[in-house]
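Student: Below is a structure I'd like to ask you about.
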C-alpha cells in the first residue's frame with residue numbers, strides 16, 4: 001500500500017487510524033493507495049483499491065438504457081419511482 005500525506009504534519013498513529021477506517025469500511029478490498037490531505041481540522045481521504053475495475057451502472061428503465069435519470073422528464077421519473085423493485089437473492 002502506498003500512502004501519501006500532504007498538508008500539515010500527521011503522526012504515524014493517526015495515519016494508521018485512517019488506514020484502519022478504510023479497511024473496516026471496505027473489508028473485502030485491499031487498499032492500493034491512500035492519499036491524506038490535512039487542512040486544519042479536516043482530512044480528505046482519497047483511496048484506490050487493488051484490482052478495482054471502475055464501472056458505470058446502466059439500467060434498463062421503461063425501455064431505455066440509462067446511467068442516470070437526469071434527462072428524464074417528470075412523467076418518466078414518476079414511472080421509475082412507482083415501479084415495483086424486486087430483491088435479488090444470492
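Values quoted throughout were computed directly from the atomic coordinates according to the rules given, and no laboratory measurement underlies them. Bear in mind that the values here come from a model prediction, so they are computed numbers and not experimental data. Glycine also receives a Cβ, built like all others from the backbone with ideal geometry; neighbour counts cover every protein chain displayed.
Student: Return one number: the angle in degrees, 0 to 90 and rounded to the nearest 10, between the long axis of the Cα atoms of helix 12-25 and the longest principal axis of the Cα atoms of the chain.
Tutor: Its long axis makes an angle of about 20 degrees.
Student: Quick check: residue separation of residue 68 and residue 50 times 0.36 nm, minus the Cα distance between them. What number comes out in nm? List each step's numbers first, then the result.
Tutor: Numbers: separation 18, 0.36 × 18 = 6.48 nm, distance 2.69 nm.
Residue separation times 0.36 nm, minus the Cα-Cα distance, leaves 3.8 nm.
Student: From Cα pairs below 8 angstrom and at least 6 apart in sequence, can you work out the relative contact order of the chain, rounded to a whole percent? Numbers along the way, then the final one.
Tutor: Working: 81 pairs, mean separation 19.3, N = 90.
Across the chain, relative contact order equals 21 percent.
Student: Now for a different question. Order 7-13, 17-23, 33-39 from most to least packed using the mean count of other Cβ atoms within 10 Å. Spell out each step's value before the answer.
Tutor: Details: 7-13: 10.1, 17-23: 13.4, 33-39: 15.0.
Put in order of decreasing packing, that is 33-39, 17-23, 7-13.
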